[in-house]
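S.K.: Sharing a structure with you now.
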Amino acid sequence: MNFPLIASHLGLFVEGILTTLRLVGASLLIGLIVAIPCAIMRTSRNPLINGPIWLFTYIFRGTPLLIQLYLIYYGLAQFPQIRNGPLWPFLSEAWWCALLAFTLNTAAYTAEIIRGGILTMPRGEIEAAKACGMSMLLRYRRIILPSAFRRALPAYGNEVIFMLHASAVASTVTLIDILGAARKFNGMFNTYEGFLVAAPIYFVLTFTLVGGFRLVERRWLRHLNLRSS
């Protein structure tokens, strides 16, 4: 590897890291906000409430993220109503298209993860909350959602790591993320060494997330470990 050459272009890779972290962080945050009401609606027995959310999660979990990104970035531009509409200044930018695709994708997965946490919740906890006179909104805020989040935390950690890895597709729509920086570096110097830089960057970010989620799991799931011992 040409370390002096790589060192002289570290700014390019730093730019890629910051772009990846901003994109993944924003999509996860917005996706989580969208996923919470979707998960609650998915637990409803009313097909008019449950059905549209089921269709949304079915489509976005059943198709590759790359195709979703292409349909938003390239596909929406084919409609004159979109090009002449108020959202075009955003949808004409690769950043916002990638953010929209990533947000919808992670929202679909996260909604199903939280739904699973809600459905596996012991009925006794809910009945106890009802016996205390809690309203439905209060039960969800104080009992159901916190308990569901704790149960869903391991699966959600996997979703965060998946989104970090999947964010590499952002480079296909001209964004300079980590992979985009590596491809640009390779193109400038007709070499492959950019990928050898990108790989350990993803490795470090991944295992930083793994360690962070393990610390959170130890804190949030401590009562389960005490109970089992």
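S.K.: To the nearest 20 debye, what is the magnitude of the charge dipole of the chain about its Cα centre, counting +1 on the Cβ of each Lys and Arg and -1 on the Cβ of each Asp and Glu?
M.R.: 1040
S.K.: Of the peptides 53-61, 200-208, how do they stack up when ordered by the mean number of other Cβ atoms within 10 Å, highest first? Intermediate results must be reported in sequence, preceding the final value.
M.R.: Values: 53-61: 15.7, 200-208: 13.2.
By packing density, highest mean first, the sequence is 53-61, 200-208.
S.K.: Find the relative contact order for segment 1-147 and round it to a whole percent, using C-alpha pairs within less than 8 Å whose residues are 6+ positions apart.
M.R.: 31
S.K.: Efficiency by 1/(1 + (r/R0)^6): what FRET value for R123 and M1, r their Cβ-Cβ distance, R0 = 41 Å, to the nearest 0.05? Mind dumping the intermediate values first?
M.R.: Details: r = 59 Å, r/R0 = 1.43.
After rounding, the FRET efficiency stands at 0.10.
S.K.: Classify segment 35-117: rounded, prolate or oblate, from the alpha-carbon gyration tensor (a ≥ b ≥ c, eigenvalue square roots; a/c under 1.5 rounded; otherwise prolate if a/b is larger than b/c)? List each step's numbers first, then the result.
M.R.: On the way: a/c = 2.55, a/b = 2.01, b/c = 1.27.
It is prolate, given that a/c is not under 1.5 and a/b is the larger ratio.
S.K.: Here is a further query. Which of the three applies to segment 138-202, rounded, prolate or oblate, going by the alpha-carbon gyration tensor with a ≥ b ≥ c and a/c under 1.5 meaning rounded?
M.R.: Working: a/c = 6.31, a/b = 3.41, b/c = 1.85.
Since a/c reaches 1.5 and a/b is larger than b/c, the shape of segment 138-202 is classed as prolate.
S.K.: Separate question: 7 Å from Cα along Cα→Cβ at both L21 and R141: what's the point-to-point distance in nm?
M.R.: 3.4
S.K.: Scan (i) 30, 22, 18; (ii) 38, 25, 12; (iii) 27, 21, 16 for the value of semi-axes √(5λ) of the Cα gyration tensor in Å calculated from this model and give just the label.
M.R.: From the options (i) 30, 22, 18; (ii) 38, 25, 12; (iii) 27, 21, 16, the structure gives (ii).
S.K.: Per q in 0.26 Å⁻¹, report the Debye log10 I(q)/I(0) for segment 1-84, using one uniform scatterer on each alpha carbon and no solvent.
M.R.: Reported log10 I(q)/I(0), two decimals: -1.16.
Where a number appears in this text, it was derived from the coordinates with a stated rule and is not lab data. None of the values given here were measured: they were computed from a predicted structure. So basically every Cβ, Gly included, is an ideal-geometry build from the backbone, and we count neighbours across all protein chains shown.
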